[in-house]
Amino acid sequence: MKGMIAIIRKEFARFFLDRRMLITTILMPGLLIYLVYTLMGTFVSGIAGGNAQYTAAVDNMPQSLTAYFQEGPFTISDADGQTEDFKTRVKDGQLDIYVVFPEDFDAIISQVGQEGYVAPNVEIYYNSSNENSLTAYSAFSEVLDLYERMVANVFNVNAGNGYDLGTPQSSATYILSAIVPMVLLVLLFSGCMAVAPESIAGEKERGTFATMLVTPVKRSHIAIGKIISLSCISLLSGISSFLGLILSLPNLMQGVFEGIDLSMFNVGHYLMMLGVMLSTVLVLVALISCISALAKSVKEANSYVGPLNIIVVVVGLLSSFLGRGGSPFLCLIPIYNSAIAVTEIMSLAVTPLSLILTIVSNVVYAGALAFLLTRMFNSEKIMFNK
């Protein structure tokens, strides 16, 4: 036991006494994720429209349509028939759109359905090379389409409000359960990738691992000590990234989705998430450590481990679409079970059985991989590349 504790202390000292590694592995991931996702949210909100205002000059605005444009993104002015002047202003970007209604528009459409009726044409001049002009054209056209459907109304579907039985909370949990599992798995895997190959393959490359193996410390204690210490470091990196992700989600979804409110999660949900993250990190660190033990250098180890990142991404995506389908046996599949557990926690639909099966199975898999790593440490062919 003393040997295992010594290994853990050695790994902690190597990591926490290196300020550059501490900053790049723990502090920077969460901070960068928060900043990037916040900027993305601001950018997407701007594209989606947000609180943008558009300018429109209108000829012959019908009285029946005035109310539709009193509140909204349009600032409307009377064009007074100056057609060419306003076309030039739209072309030069000084005006978003120029709209021309036929005279007596309301009187004409009141005759809809009568014999010989000819639908009036509304002319909307816009500049497709100008983003604001193009968006204003789409928004104005949508209002006209809505009005046209009301004029030629045959029947209504969901007239009024109160038909959407979903709540802001259910919308938020749906979004979180679709985004968080994949992103969290990738973040945890990245944290493990940052420390595990350097600790195993790096020491083999530098020749310090051979010195460690000739000490009177059991190989099993070395393997367990490595896995525990690296898991703690990777977990800190994962927690930093997770906090950056969760805190940035309201900013990421601004102007696009409403209802992202973290108050729906209590302390119990975060503790369950922590348990899943810790057990997942144990499996990932043990797996990467076994693969790194086969490599002669850190570069070679990274090349071996790299393809696993694709598997992690695919598993994270599948969990959002497939779930566990009511079968508890899917909670025994490594990595996939963690993605399912995160999905259920984010959906506020986690069950005690699936959570326990996930954490226990992950610990068992980590123990099996630790045993495999011990056997690898006992192999001179593997450790000394003979």
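Figures for the structure shown
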{"item": "Qualifying position, being open to solvent by 70 Å² or more (accessible area, probe 1.4 Å), of a type in the set (S, T, N, Q) and modelled with pLDDT of 85 or more, among Gln94, Gln70", "result": "Gln94"}
{"item": "Those residues of the range 101-143 which are assigned to a loop (DSSP other than H, G, I, E, B) and under 39 Å from the mean Cα position of the chain (by Cα), in sequence order", "result": "Asn127, Ser128, Ser129, Asn130"}
{"item": "Qualifying positions in the range 10-22 - closer than 16 Å to Gly238 by Cβ and either aliphatic (A, V, I, L, M) or exposed (fewer than 15 other Cβ atoms within 10 Å of the Cβ) (or both)", "result": "Met21, Leu22"}
{"item": "Residue tally, condition in contact (Cβ under 8 Å) with a residue 24 or more places away in the chain, among the β-branched types (Val, Ile, Thr) and open to solvent by 10 Å² or more (accessible area, probe 1.4 Å), over the range 207-226", "result": "3"}
{"item": "Selection count where residues are of a type in the set (Ser, Thr, Tyr) and under 24 Å from Glu203 (Cβ atoms), scope the range 7-36", "result": "2"}
{"item": "Residue count, the range 32-64 (criterion: modelled with pLDDT of 75 or more and either open to solvent by 90 Å² or more (accessible area, probe 1.4 Å) or more than 24 Å from Leu184 (Cβ to Cβ) (or both))", "result": "12"}
{"item": "Of residues in the range 135-162 being open to solvent by less than 70 Å² (accessible area, probe 1.4 Å) and among the hydrophobic types (A, V, I, L, M, F, W, C), the one modelled with the lowest pLDDT", "result": "Ala159"}
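The values are calculated or read from the model by the stated rules, or taken from the named source; none is laboratory data. Worth saying up front: this structure is predicted, and the values here are computed from it rather than measured. Heads up, the Cβs are rebuilt from the backbone with ideal geometry, glycines too, and the neighbour counts pull from every protein chain shown. With ligands, DNA and RNA removed, areas are computed over all heavy atoms of the protein, side chains included. Shrake-Rupley method; radii C 1.70, N 1.55, O 1.52, S 1.80 Å.
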